Amino acid sequence: MPLKIELKPHESIIIGEALITNDNERTRFYIEGNVPILREKFILREKDANTPSKRVYFIVQQMYLSKNISELQKMYIDFVRDLQNAAPSLIPYTAAITDNILRGEFYTAIKCASHLVQKEEELFGTTLHPEDEK
């Protein structure tokens, strides 16, 4: 059974390794096959990965979208180690992400990583983007 996707005007989606951005009208299409799909609300662009938790989220997102995750796993371990040393209270959040990665459940790991980002924002506040500081 195909997956039905509806995109709002100018909304983006990643399908496999392609970023697709909708035009001016609402669009509906169907996807068949086994390919990673990430809706815009879950996409974190590299330039926006400006906190430790967001860097973890970005790496997990890349693992989900990538065919070869060995280099990403090394980066993930380094980022998580640094984050856990700086904020041990976040260990339960990183543990949930790691458990899902080990099971190969990368989409669920992304959801867990979003909880990590939310907790970081609760503890330390929201980080402004460089363009917001002007």
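Could you list, in sequence order, the residues of the range 33-63 that are in contact with a Leu (Cβ under 7 Å, 6 or more places away or on another chain) and assigned by TED's automatic domain parsing to the domain that holds Tyr107?
Listed by number, the residues that qualify are Pro52, Ser53, Lys54, Val56, Tyr57, Phe58, Ile59, Gln61, Gln62, Met63.
Using the structure shown, decide if Leu44 is buried (at least 19 other Cβ atoms within 10 Å of the Cβ) and in a loop (DSSP other than H, G, I, E, B).
Judged against the criteria, Leu44 is a match.
Could you tell me which of the residues Ile77, Ile97 is more than 26 Å from Leu7 (Cβ to Cβ), surrounded by 19 or more Cβ atoms within 10 Å (Cβ to Cβ) and modelled with pLDDT of 95 or more?
Ile97
Just to verify a result, which residue in the range 1-32, among those that are at pLDDT 90 or above, not basic (Lys, Arg) and not in a strand (DSSP E or B), is nearest to Arg55 (Cα to Cα)?
Out of the qualifying residues, it is Glu11.
Give me the pairs, please: first residue somewhere in the range 49-71 and more than 21 Å from Ile15 (Cα to Cα), second residue anywhere and of a type in the set (Ser, Thr, Tyr) and not in a helix (DSSP H, G or I), beta-carbon distance under 6 Å, and either six or more positions apart or on two chains.
Asn50/Thr127; Thr51/Thr127
If Val60 satisfies every condition in (1) under 16 Å from the mean Cα position of the chain (by Cα); (2) surrounded by fewer than 17 Cβ atoms within 10 Å (Cβ to Cβ) but one, which is the exception?
Of the numbered conditions (1) under 16 Å from the mean Cα position of the chain (by Cα); (2) surrounded by fewer than 17 Cβ atoms within 10 Å (Cβ to Cβ), the odd one out for Val60 is (2).
Sort through Asn34, Asn68, Asn22 and tell me the only one that's buried (at least 16 other Cβ atoms within 10 Å of the Cβ) and either more than 17 Å from the chain's Cα centre (by Cα) or more than 30 Å from Gly125 (Cα to Cα) (or both).
Asn22
The values are calculated or read from the model by the stated rules, or taken from the named source; none is laboratory data. The structure presented is a predicted model; accordingly, all values stated were derived computationally and were not measured. Cβ: placed from backbone, ideal geometry, glycine included. Neighbour counts: every protein chain shown.
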